[in-house]
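Following: one structure in C-alpha cells, then a few remarks.
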Amino acid sequence: MAASSPRPGLLRWLAVASIRVLVSLHTGLVAFYYVAHWLGGNSLWFVDAIAYVLPWLFVPTLLLLPAALLLRRSRPVTILAAAPVALFLLTYGHLYLSRWPVSANGPAFTALTYNVLYKNENVAGVAAAIEAHDPDFFGLRELVAPMAEALGPRFAARYPYHRLEPGCGFWSRYPILEYEGFQLVEGEGDWVQQFVLDIESYEVNVLSVHPRSLLVYDLPLSELPSRLPAAFADPGRDADLRALLARLEGIEGPLVVMGDFNVTDQQSLYAPLARRLRDAHRESGWGMGFTFISGRGAGPPVWRIDYVFHSPDLVALSANVGDRGGSDHRPLIARLAFRAGE
C-alpha cells in the first residue's frame, strides 16, 4: 500500500508557522539592536558586532516580507515583517535621495584615501585606481616599502610634494606648509600624517589616519573549516579614535580628515566624529558606499569603514568609490570646495 502524501492543509500550516517564527526572530533581532543602541549598549561586544554588519541584517526582509504578504489574512505577521523596512529607511533612506544643490565660492579640490593592503603587489592596479580619479592629493594606508618605491617615480611629476611614514604615504599637488607624523597613542598603532596645505592661498589642515582594527576572538573549534567569531574587542581602535577626537579640538580652520577608520557609521565613536566634522559620503554620495571587500579582497564590498570627513566651512560636491586595484578596500574619492560665504 503506497504511503499517503501530506495533506495540503498540513503543508500550508507548516509554511505559515515557519514564516511566522522566522519573521518574529528576524524582526526581534533587528528591534533588539535598535533598542540596545538607543539605550547606549554599544559598549557590549555583541551589539558592536551587530552595528558592524547592520546593513546585511536587513537582507532576510527581501524574502520574509513577500512571504508574509502571501499569507493572506495574517496582517500582524505582515506588519511585523515590514518593521525592518521602516527601520532601514529611517537609517539609510537618505543615502538614496536626490541631493540639494550646494553653493561654493572658493577653489574645489579632490581628496582620495585608499587602504592598498600591506600584501598587495599589484602596483599597476593601485596606480590605475588612483589615476582614474586624478585627485589633487591622496593618502595611502598599509603602504609597504616596495609599493611606495614603485609608486614614487610614477607620481613624482604630477605630485611634487609627498611624505612617507611607516605604513603610510601622502602625495599632493599643493605645497606642504607644515607637516607632522605621529602615532595617536604613543608607541602603538599606525602613524598619522598631518599637513597644512596651501590650496590656492587657502591654508587647509589635512590628516590621513588609520585607527587600529578590531580584534576577533574565534570559537575554539579547530575541526571547522572556517573561523567562527565568538567575540570582538576594540580597545586599540577606540583609544585611537578618542585620541584623534582630542587632537581635532585643537585644530582651527578648514580641515579634512580621511582614512580607514575601522568603524561603521552605526558604531558609537562615529557619532562624535560626525558631530565635529561632516561625512562627505553622507553629504553628497549615493547608496551604501561600501569600501571594504569581504573574502580578503575576493568577495563583494560589505562595509563602509573608509571616510573623508571635512569641517563645516567646506562642502562636499561629490563622493564615490573606485576600483580596488588588488586591495581589500576600494578608494574613496571626495570633491570638496569652500562653502559660499566662507
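The values are calculated or read from the model by the stated rules, or taken from the named source; none is laboratory data. If you're wondering where the values come from, they're calculated on a predicted model, not measured in any experiment. For neighbour counting, all protein chains shown are included, and Cβ atoms are generated from backbone atoms with ideal geometry for every residue, glycine included.
Points to keep in mind about this one:
- Scanning segment 41-60 for residues that are modelled with pLDDT of 90 or more and either part of a loop (DSSP other than H, G, I, E, B) or more than 26 Å from ILE293 (Cβ to Cβ) (or both) yields PHE58, VAL59, PRO60.
- Restricting segment 308-342 to residues that are of a type in the set (S, T, N, Q) and either surrounded by fewer than 24 Cβ atoms within 10 Å (Cβ to Cβ) or assigned to a strand (DSSP E or B) (or both) leaves a set whose member that is nearest to the chain's Cα centre (by Cα) is ASN320.
- Candidate set: segment 236-278, residues that are of a type in the set (Val, Ile, Thr) and in a strand (DSSP E or B); chosen: the one farthest from the chain's Cα centre (by Cα): VAL256
- For segment 248-263, a residue qualifies if it is in contact with a strand residue (DSSP E or B) (Cβ under 6 Å, 6 or more places away or on another chain) and not hydrophobic (A, V, I, L, M, F, W, C), and the qualifying residues are PRO254, GLY259, ASP260.
- Any hit, segment 19-40, residues being surrounded by fewer than 14 Cβ atoms within 10 Å (Cβ to Cβ), outside the structural domain of GLN266 (by TED's automatic domain parsing) and not in a helix (DSSP H, G or I): yes
- Some residue of segment 262-275 being more than 22 Å from ASP240 (Cα to Cα) and modelled with pLDDT of 95 or more: no
- Being surrounded by fewer than 22 Cβ atoms within 10 Å (Cβ to Cβ), at positive phi and modelled with pLDDT under 95 is true of SER201.
- Among the residues of segment 235-283, those that are in contact (Cβ under 8 Å) with a residue 60 or more places away in the chain and over 24 Å from PHE137 (Cβ atoms) comprise THR264, GLN266, GLN267, SER268.
- For segment 61-108, a tally of residues being touching a residue at least 24 places away in the same chain (Cβ under 8 Å), among the polar types (S, T, N, Q) and either outside any helix (DSSP H, G or I) or in contact with a Ser or Thr (Cβ under 6 Å, 6 or more places away or on another chain) (or both) returns 3.
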